[in-house]
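Visitor: My questions will all concern the structure given below.
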Amino acid sequence: MTTTPAPACLHKVLCTLFPAHPVGTMPQKGGAMALTKNDMIGDAGEALAEKYLVETGYELFAFGVSRDYASRKKLEATDETAEAFLKINQKISDYIQQCWTDYNKQDPLPYPGPVVFEMMKKDRKEAERMKDANRKALKKTFPAGHPGRYDFIGLKNGQYEAIEIKVNTSRLSYWQKVRLGLLQKHGYPVKVVRVKISKEQQEKILVGEESAHTSIDITETVDTKDVHIPDSL
């Protein structure tokens, strides 16, 4: 199975702040953070979903992964359908960024980004305290979660789709609902692939054994009744 990268223009829009890691390569101890039990099960579930999608005819383009230059250039140089799909994603990213900008004007965080950045150079522990204070302030008034990044661009039968994978009880974030909801509002297919992994299979994952999914269900619409979807972008 080969998972190919999204094009450079899509990296710029969606992945500058939140680059994805190839399955199983999240930084370990000595890096940013170690894998937790939920990380391991989530990564395994994503890999099982990838396998299923490829076997059912999808070509997958993963955000933030630069492993296959030829495939990236193929997506960049493809037809008008791909260009339109990338453009609507950029418009949605601009909208989400504007939401954040507007919020920050009305209710600024305790520690502005440049202040935290400078503190990182002087006192890492104090910088982490500042970031925690920002997170707590943000949670009270602004929807949590990264800015709506989904897992894959899927290509099947000449059509591009947004695909998000959820494992067991994992749910869509507020901004994922916004992004996927806007894509479906503008006529683009979206899929939420829900992977169920039994406790027995989870134990296999945790000890490094080969595992299997219990079930895979695919939802082709996103319920957006509890989020704000703008009339236009």
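Visitor: Residues in the range 210-219: is at least one buried (at least 20 other Cβ atoms within 10 Å of the Cβ) and over 22 Å from ASP39 (Cα atoms)?
Guide: no
Visitor: So, in the range 89-120, exactly how many residues are touching a residue at least 40 places away in the same chain (Cβ under 8 Å) and β-branched (Val, Ile, Thr)?
Guide: Result for the range 89-120: 2.
Visitor: Would you point out which residue out of GLN106, GLN202 is out of contact with any Lys or Arg (no Cβ under 6 Å at 6 or more places or on another chain) and within 27 Å of SER232 (Cα to Cα)? Quick ask: steps written out before the conclusion?
Guide: Working: GLN202 fails: within 27 Å of SER232 (Cα to Cα).
Being out of contact with any Lys or Arg (no Cβ under 6 Å at 6 or more places or on another chain) and within 27 Å of SER232 (Cα to Cα) holds for just one of GLN106, GLN202, which is GLN106.
Visitor: Are any residues in the range 117-142 among the hydrophobic types (A, V, I, L, M, F, W, C) and either at pLDDT 85 or above or in a helix (DSSP H, G or I) (or both), and if so, which ones? Break it down into steps so the answer makes sense when it comes.
Guide: Of all residues in the range 117-142, those among the hydrophobic types (A, V, I, L, M, F, W, C) come to 117, 119-120, 127, 130, 133, 137-138, 142.
Within the range 117-142, PHE117, MET119, MET120, ALA127, MET130, ALA133, ALA137, LEU138 qualify.
Visitor: Are there any pairs with C-beta distances below 7 angstrom linking a residue in the range 121-141 that is within 25 Å of TYR174 (Cα to Cα) to a residue that is assigned to a helix (DSSP H, G or I), with the two at least 6 apart or on different chains, and if so which?
Guide: MET130/VAL116; MET130/MET119; LYS131/VAL116
Visitor: Suppose we filter ASN157, ASN168, ASN104 for residues that are modelled with pLDDT under 90 and surrounded by fewer than 17 Cβ atoms within 10 Å (Cβ to Cβ); which single one remains?
Guide: ASN104
Visitor: I've got another one for you. Any chance you could count how many residues in the range 177-210 are part of a loop (DSSP other than H, G, I, E, B), without any contact (Cβ under 8 Å) to a residue 12 or more places away in the chain and not β-branched (Val, Ile, Thr)?
Guide: The qualifying residues number 4.
Visitor: Go through the residues of the range 143-153 one by one and say whether even a single one is out of contact with any Pro (no Cβ under 8 Å at 6 or more places or on another chain) and assigned to a helix (DSSP H, G or I). Show your work before the answer.
Guide: Our first condition is that a residue be out of contact with any Pro (no Cβ under 8 Å at 6 or more places or on another chain); within the range 143-153, this holds for 143-153.
Checking the rest, the ones that are also assigned to a helix (DSSP H, G or I) come to none.
Taking every residue of the range 143-153 in turn, none turns out to be out of contact with any Pro (no Cβ under 8 Å at 6 or more places or on another chain) and assigned to a helix (DSSP H, G or I).
Visitor: Would it be correct to say that TYR174 is in contact with an Asp or Glu (Cβ under 9 Å, 6 or more places away or on another chain), touching a residue at least 60 places away in the same chain (Cβ under 8 Å) and hydroxyl-bearing (Ser, Thr, Tyr)?
Guide: No; evaluated as a whole, the condition is false for this residue.
Visitor: Take GLY148 and tell me if it is farther than 16 Å from LEU48 by Cα, in contact with a helix residue (DSSP H, G or I) (Cβ under 6 Å, 6 or more places away or on another chain), without any contact (Cβ under 8 Å) to a residue 60 or more places away in the chain and of a type outside the set (Val, Ile, Thr).
Guide: Working: farther than 16 Å from LEU48 by Cα: yes; in contact with a helix residue (DSSP H, G or I) (Cβ under 6 Å, 6 or more places away or on another chain): yes; without any contact (Cβ under 8 Å) to a residue 60 or more places away in the chain: yes; of a type outside the set (Val, Ile, Thr): yes.
When the stated conditions are applied, GLY148 passes them.
The values are calculated or read from the model by the stated rules, or taken from the named source; none is laboratory data. On a predicted model such as this, the values are computed, not experimentally measured, just so you know. Glycine also receives a Cβ, built like all others from the backbone with ideal geometry; neighbour counts cover every protein chain displayed.
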